[in-house]
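The structure under discussion appears below in the form of structure tokens.
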Amino acid sequence: MQSLGTTVSVVGGGVGVVTEGVKAGIAGLMSLAAQGSALPTEGGGVFSITFNQDYSSLGVGTRIGYRLYSLSTLDKLELICDNGNEDTCIVERLFSSSLVAVVSLSSPRKLKVCHFKKNSEICNYSYPNTILGVKLNRARLVVCLEESLYIHNIRDMKVLHTIRDTPPNPTGLCALSISNENCFLAYPGSNSIGQVQIFDAQNLQAKIMIPAHDSPLAAISFNASGTKIATASERGTVIRVFSVGEGARLHELRRGMKRCATIFSLAFSPDSLFLCASSNTETVHVFRLEEIKETRPPVVEEQQGLMGWMTKAVSASASYLPTPVADMMSQGRAFATVTLPFQGVRNVCAIATIQKQTRVLVASMDGYLYVYSLNTSEGGDCTLIKQHRLDGHEGAHHRGVRWGLHRHLWTLPWGSQEDRTRGGQDERDGGSV
């Protein structure tokens, strides 16, 4: 790759110490990368899969480089970039531009900003610790380390602000809104409870802290306008949607009654009418975010005798229900569901409008993209309409033939032992989420 830019070292605070968990993850990946036989070859040894900001393309990082696919049509998956320079554990594209941010497994502390159409490197930055996440919008580029976040001006890549001493965030969980008007950054405000810290990345000041869950956060996602944020905790039973401006809870959505899960991804539809959630189970839940309206209970004509007394007794007792029980009764259920042909494999979901049709997209770490129809009027079960391989070869393998591949992927460092066992485990929900 031709280099056109500069190399910058971001030190500010000295060299950090990689925690044992992160160190084991990177070391594990490097070991797998060195052992071709230990990596699944069907997906090209997939290390990361990400949709761009408007779900118009898909980036795949592998042990032999990265690939970018256009999602403008689903008849055929169009490969628009196949860069085979080095093992890639993070690849993020800026909308439909030629700019991509890349982190390699061999240099996990270095960020490269590249022009993929010219096959050139614009600049690179080195950080004091392992890069765990990178987020982009049209104004900002954010780099997430375990205990700090760096906010760059995307026009010249200058560091505008550094958020230091954040709670330990070994998974690099963060979200950056794509709105020009509401340029907000979200990250965990605690590693023991589910606090969401919202930071104004445009004006470089803290905005609000939202107490979202009792358990630590597992997933967060902004809607397209940056006015709402969806959250899920490590328990994985309840998903909540909050107003970014006031921190008010707008929706509470339950993905399951008896089964805890590890939520992998949350994504709003472009119009914010739907929210999808994928996990380590075989089900992707799609929720319809109804407009909140104040409703009054219907006036029931008073009945006489025993039935009248029972009606009054039931109505009165309902007001004494514990708050967790009352909350559970008011939680929204899934409007539609996707049943995946696998479970336990890391994946990312999205709701996109492709060729004027609303589709649910699920890209999995085994190197496949699944496309499902979504009936926006009736909901129900979503139908698989297309399946694409992400190694440039369409086709021929049935999911059942590839089950052994999933057992390999379960052992990759992104998933803890808890991730690998929760898929088939029933747990009591309880009131705290």
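Just one of the numbered conditions (1) of a type in the set (D, E, K, R); (2) in a strand (DSSP E or B); (3) surrounded by fewer than 20 Cβ atoms within 10 Å (Cβ to Cβ) is not true of Asp156; which one?
(2)
Count, please, the residues in region 74-127 that happen to be among the hydroxyl-bearing types (Ser, Thr, Tyr), part of a loop (DSSP other than H, G, I, E, B) and over 19 Å from Gln53 (Cβ atoms).
3
In region 56-71, how many are at pLDDT 95 or above and assigned to a loop (DSSP other than H, G, I, E, B)?
The qualifying residues number 2.
Checking the conditions here, which among Glu78, Glu181, Glu86 is free of Cβ contacts under 8 Å to residues at least 12 places away in the same chain and surrounded by fewer than 19 Cβ atoms within 10 Å (Cβ to Cβ)?
When all the criteria are applied, what remains is Glu78.
I'm trying to understand the selection: among the residues of region 133-153, which are assigned to a strand (DSSP E or B) and of a type in the set (Gly, Ala, Ser)?
Gly133, Ser148, listed by residue number.
I'd like to check something: does region 397-404 contain any residue that is modelled with pLDDT under 95, exposed (fewer than 13 other Cβ atoms within 10 Å of the Cβ) and not in a helix (DSSP H, G or I)?
yes
Scan region 354-388 for residues that are at pLDDT 95 or above, over 22 Å from Arg288 (Cα atoms) and of a type outside the set (Gly, Ala, Ser) and jot them down.
Passing the criteria: Met365, Tyr368, Leu369, Lys386, Gln387, His388.
Failed condition for Thr130, given (1) without any contact (Cβ under 8 Å) to a residue 60 or more places away in the chain; (2) under 18 Å from Pro168 (Cβ atoms); (3) assigned to a loop (DSSP other than H, G, I, E, B), with all others met?
Among (1) without any contact (Cβ under 8 Å) to a residue 60 or more places away in the chain; (2) under 18 Å from Pro168 (Cβ atoms); (3) assigned to a loop (DSSP other than H, G, I, E, B), the lone unmet condition for Thr130 is (1).
Considering only region 341-348, I want to know if a residue exists there that is in contact (Cβ under 8 Å) with a residue 12 or more places away in the chain and touching an Asp or Glu at 6+ places or on another chain (Cβ under 6 Å).
Yes, the conditions are met somewhere in region 341-348.
Considering every residue within region 166-177, establish whether at least one is touching a Ser or Thr at 6+ places or on another chain (Cβ under 9 Å), crowded, with 18+ Cβ neighbours inside 10 Å and not in a loop (DSSP other than H, G, I, E, B).
yes
Restricting attention to region 217-260, which residues are polar (S, T, N, Q), out of contact with any Ser or Thr (no Cβ under 7 Å at 6 or more places or on another chain) and surrounded by 23 or more Cβ atoms within 10 Å (Cβ to Cβ)?
Hits for region 217-260 are Thr231, Thr237.
Just a yes or no: is a residue in region 257-264 assigned to a loop (DSSP other than H, G, I, E, B), within 30 Å of Ile351 (Cα to Cα), at pLDDT below 95 and in contact with a helix residue (DSSP H, G or I) (Cβ under 8 Å, 6 or more places away or on another chain)?
Checked region 257-264: at least one residue is assigned to a loop (DSSP other than H, G, I, E, B), within 30 Å of Ile351 (Cα to Cα), at pLDDT below 95 and in contact with a helix residue (DSSP H, G or I) (Cβ under 8 Å, 6 or more places away or on another chain).
Check Arg249, Arg288 and return the single one that is free of Cβ contacts under 8 Å to residues at least 24 places away in the same chain and not hydrophobic (A, V, I, L, M, F, W, C).
Answer to the selection: Arg249.
What single numbered condition from (1) surrounded by fewer than 23 Cβ atoms within 10 Å (Cβ to Cβ); (2) within 18 Å of Phe51 (Cα to Cα); (3) among the β-branched types (Val, Ile, Thr) fails to hold for Ile263?
(1)
The values are calculated or read from the model by the stated rules, or taken from the named source; none is laboratory data. The model shown is predicted, which means the values in this text are computed figures rather than measured ones. Here Cβ is always computed from backbone atoms with ideal geometry, including for glycine, and neighbour counts include all displayed protein chains.
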